[in-house]
Amino acid sequence: MTDTPHPDRIHPLPHSDQDADRAERIPDTPQTRAPSYRLAFTDRDFLLRDELRPVRLQLELLKPQMVMDERGIESTVVMFGGARIPAPDAVGQASTKGLAALSKYYEEARVFAQRMTERSLAAGGGEFVICTGGGPGVMEAGNMGAAEAGGQSIGLGIVLPHEQAPNVHVTPDLCFNFHYFAIRKMHFLMRARAITVFPGGFGTLDELFESLTLIQTGRMAQVPVLLFGAEFWDGIINWQALADAGTISASDLQLIRYVETAEEAVEIIDSWPRPDC
């Protein structure tokens, strides 16, 4: 076998995959079998050491960034929401009456994603791309709506103790898997032009407050933060009490907007001033 220079490289040094292949074709000796002899970038045991955590954090930030750049993703519409919210045809399987009642937001999520993806496609397909956590419930509805409109959508999954495969509607080339929650959150918000939050549990609340904190402290530009379901949100969070106690400013209450339907959410996003305006 004759090694040839990698076609994308403009200098004469060998590509790393060439050396990785060569390293597999060396004589089998005690020296070559020793862990110390493995190429560092192909040594799984080495890469998973505690000391390499900074490198793994960097890789987890870089890989999705590069893939999304290559796919032409300029901006996203983030959809947070509960994994347990059932589709309308599965309401009978809901574990509580409360979840069954929230099923209507599955449909609103699907329609919202469909409408936003239609706008994205009309603008070339790289702006306002739907981005979810890639799982079931509201996330599934969002990816489904984008697929029904004929567009791409992103799924940012994470390894959990219980097995959970991505929903089948995520665009395969934009389906990611994370180890670090913090890096996953960064990718949710790095390109966000709007954040929609549907009823959900601890994970949804975590994502909501992370987003609000970044906007409140000026660490992120203000974008629409739209909460679907006023009755649900007013039942679990007393926003006014935070302002009355002085733990947030009264003006912070303006960072969120309640909506009930996909049409309301789309209208607010359509009327939001563009960053370059």
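Tally Lys and Arg at +1 and Asp and Glu at -1 over the other residues with C-beta under 14 Å from the C-beta of ASP234: what net charge comes out?
Around ASP234, the surrounding residues sum to -1.
Where Rh denotes the Kirkwood radius from the mean inverse Cα pair distance, what is Rg over Rh for the range 63-271?
Over the Cα atoms of the range 63-271, Rg/Rh equals 0.95.
Can you sort HIS11, HIS169 so the residue with the fewest Cβ neighbours within 10 Å comes first?
Ordered from fewest to most neighbouring Cβ atoms within 10 Å, HIS11, HIS169 come out as HIS11, HIS169.
What FRET efficiency would be calculated for the residue pair ASP21, TYR180, taking the C-beta separation as r and a Förster radius of 25 Å, to the nearest 0.05?
Step by step, r from the Cβ atoms, then E = 0.25.
Arrange the peptides 198-208, 29-39 so that the one whose residues have, on average, the most other Cβ atoms within 10 Å appears first.
Averaged packing, sorted descending, gives the order 198-208, 29-39.
At a Cα cut-off below 20 Å, give the aspartates and glutamates reachable from LYS97, other chains included and same-chain residues fewer than 8 away excluded.
Partners found: ASP89, GLU107, GLU108, GLU231, ASP234, GLU260.
Expressed as an acute angle from 0 to 90° and rounded to the nearest 10, what is the orientation of the C-alpha long axis of helix 53-70 relative to the principal long axis of the chain?
70
Taking all pairs of distinct Cα atoms, average 1/r, flip it, and tell me the Kirkwood hydrodynamic radius of the range 1-115 in Å to one decimal place.
20.0
Give me the angle, in degrees from 0 to 90, between the Cα long axis of helix 104-122 and the longest principal axis of the Cα atoms of the chain, rounded to the nearest 10.
Long axis of 104-122 versus the principal axis of the chain: about 60 degrees.
Give me the angle, in degrees from 0 to 90, between the Cα long axis of helix 262-271 and the longest principal axis of the Cα atoms of the chain, rounded to the nearest 10.
Taking Cα atoms only, the helix is inclined about 80 degrees.
For the range 32-38, what does the Karplus curve 6.51 cos²θ - 1.76 cosθ + 1.60, with θ = phi - 60°, yield as ³J(HN,Hα) per residue in whole Hz, taken in order and with x for Gly and Pro?
6, 7, 5, x, 5, 7, 5
Please list, short to long, the whole-number percent of alpha-carbon pairs of the range 201-266 in consecutive 10 angstrom bins beginning at zero.
Each 10 Å bin holds this share of Cα pairs: 18, 53, 28, 1.
With each run of n ≥ 4 DSSP H residues scored as -39500 (n - 2.57), what mean residue ellipticity at 222 nm is computed for the chain after dividing by its residue count and rounding to the nearest 500 deg cm²/dmol?
Calculated mean residue ellipticity at 222 nm is -12500 deg cm²/dmol.
Any read-out appearing in this document is the output of simple, stated calculations on the displayed coordinates, not a laboratory observation. Values in this document were obtained by computation on a predicted structure and should not be read as measured data. Every residue, glycine among them, receives a Cβ derived from its backbone with ideal geometry; neighbour counts consider all protein chains shown.
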